[in-house]
1. Would you pick out the residues in region 36-48 that are exposed (fewer than 10 other Cβ atoms within 10 Å of the Cβ) and either assigned to a helix (DSSP H, G or I) or not assigned by TED's automatic domain parsing to the domain that holds residue 13 (or both)?
2. Of all residues in region 180-209, which are at pLDDT 90 or above and in contact with a Pro (Cβ under 9 Å, 6 or more places away or on another chain)?
3. Go through (1) polar (S, T, N, Q); (2) surrounded by fewer than 21 Cβ atoms within 10 Å (Cβ to Cβ); (3) modelled with pLDDT of 95 or more and name the single condition residue 32 misses.
4. How about region 49-129: which strands (runs of 3 or more DSSP E) wholly inside it have at least 2 residues that are under 23 Å from residue 38 (Cα atoms) and not assigned by TED's automatic domain parsing to the domain that holds residue 167?
5. For region 147-185, which positions are among the basic types (Lys, Arg) and over 22 Å from residue 106 (Cα atoms)?
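The values are calculated or read from the model by the stated rules, or taken from the named source; none is laboratory data. On a predicted model such as this, the values are computed, not experimentally measured, just so you know. Counting neighbours? That spans all protein chains shown, and the Cβs are built from the backbone with ideal geometry, glycine included.
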Amino acid sequence: MTPAADDSGLPVAYARPCDVLQHLGTGTLSHNERARAAQISDRVRHRHFIAGRVLLRHCLSVAVDQGVDPASWQFEQHLDGKPSLASGLPQIHYSISHADGLVAVATSPAARIGIDVERVTGTGDTRPAPEQLSNRERFWLRQHRETDRWPAFLQLWTAKEAVSKAAELGCGVEFRDLEIDVPARRARCPQGLLDNGDHMNLDLHTIEAHGAIYCLSVACA
């Protein structure tokens with residue numbers, strides 16, 4: 001497992017699902033998490049789900065200096081489908097992402113956070129989807145050599161996913177309306193979507209893990 005801190009100091013951790021399960025086991029999972037995992041028939045998705053929940057529990061405990069045991073975290077599901085930590089527990093903001101062969105978790109004690117990770121190498125479709133980009137993003141993408149456009153597009157895409165999670169937008173906004181400025185590491189959102197202003201800070205990474213390349217983005221509201 002690779003614990004790290006992004007440029008804003010927020011804790012981020014990523015690991016292969018098999019490594020999470022080997023080193024941390026599954027003893028911290030709740031009955032509800034085990035029941036949800038049992039409903040996932042696909043073996044890869046099943047393993048990613050379990051590993052993500054285990055890694056989340058340990059990251060939450062790290063965020064409170066082990067003041068709460070990983071097995072003691074409880075979660076609530078609201079009517080709108082959004083999960084949160086149960087009342088009475090430290091209210092740590094968190095986000096989970098899964099990609100082929102990797103799970104990633106980010107936590108924040110004070111602000112809503114979003115994380116997204118996508119595998120660059122070994123994917124079947126490597127064609128950017130320009131219809132999901134703003135005019136400025138398409139211009140930025142065209143500045144790259146053709147062989148570099150797929151990882152550049154995934155940098156934009158993971159940033160948009162992370163922003164969507166941090167702002168809790170769900171399906172309520174078109175991705176082309178979330179404009180990513182990669183050099184400035186900022187996202188511009190449509191007016192009225194954020195509580196304070198229309199910009200969000202980003203931390204963008206290209207990481208190598210076990211022979212594969214991934215784009216990883218973290219957004220903090």
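1. Answer for region 36-48, where residues must be exposed (fewer than 10 other Cβ atoms within 10 Å of the Cβ) and either assigned to a helix (DSSP H, G or I) or not assigned by TED's automatic domain parsing to the domain that holds residue 13 (or both): 38, 43.
2. Once the filter is applied, which keeps residues that are at pLDDT 90 or above and in contact with a Pro (Cβ under 9 Å, 6 or more places away or on another chain), region 180-209 yields only 206.
3. Of (1) polar (S, T, N, Q); (2) surrounded by fewer than 21 Cβ atoms within 10 Å (Cβ to Cβ); (3) modelled with pLDDT of 95 or more, only one is false for residue 32: (3).
4. By residue number, 75-77, 83-85, 93-99, 102-108.
5. Passing the criteria: 149, 176.
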